[in-house]
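The values are calculated or read from the model by the stated rules, or taken from the named source; none is laboratory data. Treat the numbers as computed from the prediction; the structure is a model and nothing was measured. No Cβ is skipped: glycine too gets one built from the backbone with ideal geometry, and neighbour counts run over all protein chains shown. Note: areas computed on protein heavy atoms with side chains; ligands, DNA, RNA excluded. Shrake-Rupley method; radii C 1.70, N 1.55, O 1.52, S 1.80 Å.
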Amino acid sequence: MPSFYRPLLVLLPLAAGAGIALADSPELRAFPPPASLSLDEIEPGMIATARTVMRGTEIEDVELEIVSVIHGVGPDQDMILAKGISESLEPHGIARGMSGSPVYVGDKLIGALSATWSFSLEPYVGITPVLQMAREAAWGFAHAGEKADAARRPDGRLPGGAEPRSGLWPRDDPYDRPDGRARDPLRSGPAPTPTPSGFAPIGAPLVLSGFDRRLVSLAADLFEPWGFTVAEGGVAGRTQRGGAIQPGATLGVRLAGGDVDMTAIGTVTWIDGDRVHGWGHPFFQMGEVEMPLVSGYVHSIIPSRLLSFKLASGAEVVGTAIGDRRSGIFGRLGVEPRLVQFDLSVTRFGATETYHYEIVRNRFLGSTLVGLAAANSVLSRGGTLSEETIRFRQRIVLDDGRETSVETLFTGDRTIAQIVRILSDITRLIATNPFEDVDVDRIEAELVYESGIRAAFLTEVAIDEDLPAPGDVLRGSYTLRDYRGDESRHRFTVPIPEDAREGRHLLLVGDARTAEQYEAERDPRSFGPRTLDEYLERLATLRRTDQIHVHLYRSSPGVLIDGRPLPDLPPTAMSILRGPARTGIQAGLPAELVHEARLPAGKFIQGGHTVLFEVQKEKP
């Protein structure tokens, strides 16, 4: 699957992280919590009131009885245990979407609903103490914009221990499968089985609107392991506007907008000026984020023996989430988030449909969401047939104006998986590059369908003369066989350089993959970019699948220096470079590329052949 950062999602109502545990920290003094009771003042038997939305936008009071205060449920973490005693909870108990619902004793805010137990016979609930939420949010507000949770560690490794790739593409090349089929890049492992004795974050309903039903099932595979209930829904209608943002109101985080909507639903805990706090547990625990905060409308609470959930719709954007910490999310109201603008046009049967999506700027979620949006566009246009060919173009523009593009062709019965893979993988490769911290600003893609399978195997290559001289034009032919068995022969020419040396040369005529493999062995430096600019250039120069690639190689006295070929060195230079005090030098240059041509074929090409021949100064 695309690079989907799997955070250490702690299944507890969570508190402040390292370095922000002291109540008298300067951050907490700058961003103080609301008036509250200390944990020592909270006693069993106290009656508390939670505020949440059960239907529409009306905030209701739900009575709770304090059962206990549990200390040390995690590092610097405590939890208030309570039981719901309101009749309004009887049909469904504690429901996903109630996360963050503020809990008061008298007029003092003590915390937010955050945890519960699956299959519980009574509505027990865990409450994250407000001071824990305030400490972590205060640190986040004080250090917002400092990239405290930068995606790259100082050693260049990615979160979770992943190492930057030495090459451009992931190691799990989908074309390495024995059956030759591309894997589905969005597949995830199965969701964990809930346990009756373990408590977990209440979680958030993730409501999808405008998606093909098959993708809703796929989204469930992806997101439910992270504690979400994935549900089909709709957007709030003209008579179903989101409620005002206040404690107890619905507070959503929108992952994708535009022609679809994907919003996770929670609740506001408290507001201080333009700062809003909610949920009481993590979203994905990704630290510093930039995501749209939206109001919401609750259609109903769907009862479930496992865990009920609010069926709700995201409404208007009200601000931007800037922090996703262990004890909740927080953000600023009235601030518009930056989003990835994704435009995709699909041309089929002479008609063109254009789709527009707005995707969160997030290096771990973004590529998956791009893949889901692309798949939705294809499926909404009738999916893919077993005998179709798709011409694909993609342009990616970064937030600093730099850009790259890719163009290729797909054919056969797995085109949708290949389209999704290339769109999501390229987005992920750029977003998680190990060189610079950049954001993707916009993506433009174009799919043009053509009827029939346009594919051919390169079965034979021949040259007219096997002893050409420098300055000659080498002439030859290659044979293509289509999937029906029909063959066609095509001519090509290759210029022999005027300064060509006598000796053996190799001619390669093949598909994109064969050409890439030869070049990776000959020039490994170009397949291991060391700057983002090289990364973008490498993407833009990827060899296309609908071309015949013709390479002329000759043996050369030279070396590889840090992976870069340095051919035609005199003996003295070779002797110096091979000295024992030199590092990063590999003697024995595999070959020198003296000519390359990319011949349009108009169809997906597979196969490759090589021909050895001698160049002689004088013809015999």
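Quick notes on this structure:
- Label-point separation in nm, Glu63 to Glu534, each point 7 Å along Cα→Cβ: 7.0 nm
- Surface share of carbon and sulfur [accessible, 1.4 angstrom probe, percent] for the stretch 61-130: 48 percent
- Taking 0.36 nm per residue of sequence separation and removing the Cα-Cα distance, the Arg525/Arg338 pair yields an extension gain of 63.8 nm.
- Taking a sphere under 14 Å around the Cβ of Ser99 and counting the other residues whose Cβ falls inside, with K and R at +1 and D and E at -1, yields a net charge of +4.
- Distance between the modelled labels on Asp76 and Glu407, one decimal in nanometres: 5.5 nm (7 Å Cα→Cβ projection).
- At full extension, Ala469 and Ser120 could sit 117.1 nm farther apart than now, given 0.36 nm per residue minus the alpha carbon distance.
- Sites Ile85 and Asp482, calculated FRET efficiency, Cβ-Cβ separation with R0 45 Å, nearest 0.05: 0.05
- One chain, two ends: Arg214 and Arg491. Fully extended at 0.36 nm per residue, the span grows by 95.1 nm beyond their Cα-Cα distance.
- Calculated FRET efficiency for the pair Lys617/Glu516, C-beta based, R₀ 45 Å, to 0.05: 0.85
- Translational diffusion coefficient (Stokes-Einstein; Kirkwood radius from C-alpha pairs) of the stretch 311-470 at 37 °C, 0.692 mPa s, in µm²/s: 178 µm²/s
- Here the stretch 256-314 exposes an accessible surface that is 48 percent carbon and sulfur, computed with a 1.4 Å probe and the other protein chains kept in place.
- The mean accessible area for residues of the stretch 383-466, using a 1.4 Å probe and ignoring ligands and nucleic acids, is 36 Å² per residue.
- The string of couplings for the stretch 298-303 from the Karplus curve (6.51, -1.76, 1.60, θ = phi - 60°) is 9, 6, 5, 9, 8, x Hz, one whole number per residue in order, with x for Gly and Pro.
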